[in-house]
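A short write-up of the structure that comes next.
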Amino acid sequence: MRFRPRVLVTTLLTVVLAALPAACALPQGFQDNDSTEDEVRLVQQPWEDLIVENEIVSQVLSRLGYRARVHELSVPLGAQALANGQADAYLGNWWPSQRPVYQQYLREGRIEVASTMVTGAQYAPVVPDYVVREHGVRSLADLAEKAHLFDHEILGIEPGTPGNQYILDAIRDDSYGLGDWSLVQSSTAAMLSEVERRTSERKPVVFLGWSPHWMNVEWNLHYLDDPQGIWPGSGEIRVVFNEDFAEKNPDIAKFLSQIRIDRDTASDWIHRLSKEKVPAKQIAHEWIRAHPDEVRTWLRGVRTADGEPASAAIP
């Protein structure tokens, strides 16, 4: 697969803009505020760690007599669904990178932060380590001078994600002399496939990277320095709720707010799902079975749907 700068970006943006009227409506399942005290409606993007986390939550809740419904929505539509009470919870609130999407809803109190689930997360443009050694590219400030090496392009992920928007803003504002660069927007899988192709040929490439993720295991990556401070990064992954969810579903909310995951565990899930092609249901089932004590800590003070201590449901 060969990405074509500018042409591909223009085509993708045309498709996205043409679809905007339809995008204003949420998918089926989010149209009605029809949740019950025995279920949680979870927002999901096609991110491997989030997919496994939601599957673990679904399997644990099933053991407790509750139900989870998982629906894939873009980051902006997911925030809208949470704010409007058409979704309940989101375990993928990368912060502060998602600030532009969430800050208004948080300020209005329509979405509330329940907890920090993962600390030490990273989210920024990256280059392979050989690009640092061979071409001296360590910072966003080094890109413009070496633009020809990268075909004046940065590889991004799904249109509408905050990370892509920060790059588009930098191009618009000519930050670091990037005004004549292009952002190639595609799917996460397509971006990683293209990165894999280029790294196998030791070609220079700059792309949107994050941790936890298997990319940090497969490739030696350098997160580019940002001396001008235009990139917010992402220091943590948070759990957020609709404003009324915890009051209506106190036990489910308590469970979700007590989940803690380390980066190595999340990266392992991502590697198994993406690289080893193990189904998310199997990963979740095996992890729960192998870590009952950890799951019980997430369930302290939580009751089953029948009012019994939830930790007793984890053998």
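The values are calculated or read from the model by the stated rules, or taken from the named source; none is laboratory data. These numbers come from a predicted model, not from an experiment. In this analysis, Cβ positions are derived from the backbone assuming ideal geometry, glycine residues included, and neighbour counts consider all displayed protein chains. Heavy atoms of the whole protein, side chains included, go into the accessibility calculation; ligands, DNA and RNA do not. Shrake-Rupley method; radii C 1.70, N 1.55, O 1.52, S 1.80 Å.
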Starting at the first residue of segment 206-215, write each ³J(HN,Hα) from the Karplus equation 6.51 cos²θ - 1.76 cosθ + 1.60 with θ = phi - 60°, in whole Hz, x for Gly and Pro.
-> 10, 8, 7, x, 7, 9, x, 5, 5, 4
Provide the three semi-axes, in whole Å and in decreasing order, of the ellipsoid equivalent to segment 168-305 as defined by the square roots of 5 times the Cα gyration tensor eigenvalues.
-> 36, 22, 13
Whole-number accessible area per residue in Å² for segment 174-263, which is evaluated in the context of all protein chains at 1.4 Å = 38
Extension gain (nm, one decimal) between residue 278 and residue 306, 0.36 nm per residue minus Cα-Cα | 6.8 nm
Check residue 94: other-chain or 5+ apart residues with amide H under 5 Å from its amide H, H built from backbone geometry?
-> 238
Stokes-Einstein D for segment 143-209 (10 °C, 1.306 mPa s, Kirkwood Rh from Cα pairs), in µm²/s, comes to 131
Note to self, the chain gives a 222 nm [θ] from helices alone (DSSP H runs n ≥ 4, -39500 (n - 2.57) apiece, / all residues, nearest 500) of -11500 deg cm²/dmol
Kirkwood Rh and Cα Rg combined as Rg/Rh, segment 187-228 | 0.97
Which label in (i) 16; (ii) 21; (iii) 40 gives the computed percent of Cα pairs over 36 Å apart | (ii)
Highest mean first, what order results for 140-152, 159-171, 203-215 on Cβ atoms within 10 Å?
-> 203-215, 159-171, 140-152
Output the antiparallel fraction of DSSP beta bridges having both residues in the chain, as a percent to the nearest 5.
-> 60
Please identify the helices of the chain, taking whole runs of DSSP H, that span at least 20 Å along their own axis as judged from the Cα atoms and have a mean Kyte-Doolittle score of -0.5 or higher.
-> 48-63
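If R0 is 35 Å, what FRET efficiency do you get for residue 285 and residue 145 from their C-beta distance, rounded to 0.05?
0.10
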